[in-house]
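Right, one structure below, let's go through it.
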Amino acid sequence: MPVGESSRPYVVCPVCGHVFRSTYASTYITVGREADLCPKIPGRPSDGARLIRSAVTMCPVCSFAAVEAFDDLDLTFDERCDIEERLKDDGLLKVFRKGQPPWLGFHAAEVCGKERSLRSRELGDLCLRASWVCRKEKERPFESTFQLRALRHFMRSLQEDDLIGRELSVTTYLVGELNRRLGNHREALNWYVNAGRTTEGDPRAAWLDRLIDRQSKLAREQAA
Ligand SMILES: [Zn+2]
């Protein structure tokens, strides 16, 4: 078994009841983060992608997926039916279920998360992590697709989730950074300014202030 993974004996899918073996990530070494907070993991990028991917568990039969341990999920009968329906109808799952591309688990977790009424912040986080996996696996078009989805969820989150403190600052910053990566440099600059306002005077956010400075400079150069 590759380093950084351990095997739980069995997992029961909370939607279809299928029992299967699953691997999950134990702690792994990171050497800092990229500007969109993607962990830098020593070794080959595809190994890093595998470790990031192992945060999500996906049922091989019905494609139910979540980052939470399946045992901890308590779904109502209606939720199970709605999720099952959604998974069956999902266009990307229809096309890619067989090929199992590296981002599929996060996509399935997002589909299920919508039915489970996860906050937009969590849905955005799933898409952001999918974009990291795509980058490490050099899946360029899908990287942008997931960045755009993450961006939309985070924007909604800023309106609806009542974020405070670190979560508010980081989410606002990520809206800037994702805009920059998608080529919207002026938009990015505005959001970096907003993010800077949320960290004002908080010494614990010094790392984020440095990142905001650095990325603003970069966006200004790219906008010119
Ligand atoms: Zn299942």
What the 10 Å binned alpha carbon P(r) of segment 20-87 shows, as percent of pairs per bin from 0, is 17, 40, 25, 16, 2
How much mean residue ellipticity at 222 nm does the chain get from its helices, if each DSSP H run of length 4 or more adds -39500 (n - 2.57) and you divide by all residues, to the nearest 500 deg cm²/dmol?
-18500 deg cm²/dmol
Let's see if you can work this out: charge +1 on each Lys and Arg Cβ, -1 on each Asp and Glu Cβ, no other charges. What is the dipole magnitude of the chain about its Cα centre, in debye to the nearest 20?
1000
Among 155-162, 192-199, how do they line up from the highest to the lowest mean number of other beta-carbon atoms within 10 Å?
192-199, 155-162
Over the chain, consider all pairs of different Cα atoms and compute the Kirkwood hydrodynamic radius from their mean reciprocal separation; express it in Å, one decimal.
18.5
Of the accessible area of the chain, with the probe set at 1.4 angstrom, what percent is carbon plus sulfur?
50
Residue separation between Ala206 and Leu218 times 0.36 nm, minus their alpha-carbon distance, gives in nm 2.5 nm
Which whole-angstrom value gives the distance between the alpha carbon centres of segment 143-177 and segment 71-95?
25
Looking at segment 129-224, I'd like the Rg to Rh ratio, where Rg is from alpha-carbon atoms and Rh is Kirkwood's inverse mean 1/r.
0.98
Would you work out the relative contact order for the chain, in percent, from Cα pairs under 8 angstrom that are 6 or more residues apart?
14
Regarding segment 1-124, what is the average projected area of its C-alpha convex hull, in nm²?
8.3
Using 7 Å Cα-to-Cβ label points, what is the Lys94/Asp78 separation (nm, one decimal)?
2.7
The simple spin-label model distance between Asp71 and Leu37, using points 7 Å out along Cα→Cβ, in nm, is 2.8
What number comes out for accessible area per residue over the chain if the probe is 1.4 Å? Units Å², please.
53
Quick one: Debye curve from the C-alpha atoms of segment 53-160, no solvent, what's log10 I(q)/I(0) at q = 0.12 Å⁻¹?
-0.38
Here the cysteines of the chain lacking a cysteine partner under 4.7 Å (Cβ to Cβ) are Cys38, Cys81, Cys112, Cys127, Cys134
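The values are calculated or read from the model by the stated rules, or taken from the named source; none is laboratory data. Just so it is clear, the structure is predicted and the values come from calculations on it, not from any experiment. Counting neighbours? That spans all protein chains shown, and the Cβs are built from the backbone with ideal geometry, glycine included. For accessibility, only protein heavy atoms count, side chains too; no ligands or nucleic acids. Shrake-Rupley method; radii C 1.70, N 1.55, O 1.52, S 1.80 Å.
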